[in-house]
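None of the figures in this text is laboratory data; all of them are computed from the coordinates on show. Predicted model, so just to flag it, every value in this text is computed and none were measured. Positions of Cβ are backbone-derived with ideal geometry, glycine not excepted, and every protein chain shown enters the neighbour counts.
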Amino acid sequence: MRASNVPVAMPYLMEPADMSIPEPETEEVTKTRISCDGGNLGHPLVWLQIDPKIGYVECGYCDKKFVLKEDAGAGH
Ligand SMILES: [Zn+2]
């Protein structure tokens with residue numbers, strides 16, 4: 001085993017592009033009206049309303065994205 005076998009530079013793998021911006025959490029929901037309290041982050045409980053035409057809503061506190069599942073019941 002020789003040290004020269006170890007690659008010294010792999011720039012495209014070292015690029016921290018995906019690590020600089022943490023991806024917001026996404027949750028599928030079946031109701032247009034949901035609440036978010038931030039989970040681990042923790043913030044005041046807020047109620048969010050999903051516009052069915054848009055199909056999702058993002059929490060203003062923690063940027064968590066709530067995606068309305070297509071099979072959500074129309075009657076609520
Ligand atoms: Zn939140």
Q | Residue list for the range 41-57, restricted to those being in a strand (DSSP E or B) and either loosely packed, with under 15 Cβ neighbours inside 10 Å or more than 13 Å from the ligand (Cβ to nearest atom) (or both) | A | Val46, Trp47, Gln49, Tyr56
Q: Quick one: count up the residues across the range 31-40 that are under 12 Å from Lys64 (Cα atoms), more than 7 Å from the ligand (Cβ to nearest atom) and assigned to a loop (DSSP other than H, G, I, E, B).
A: 2
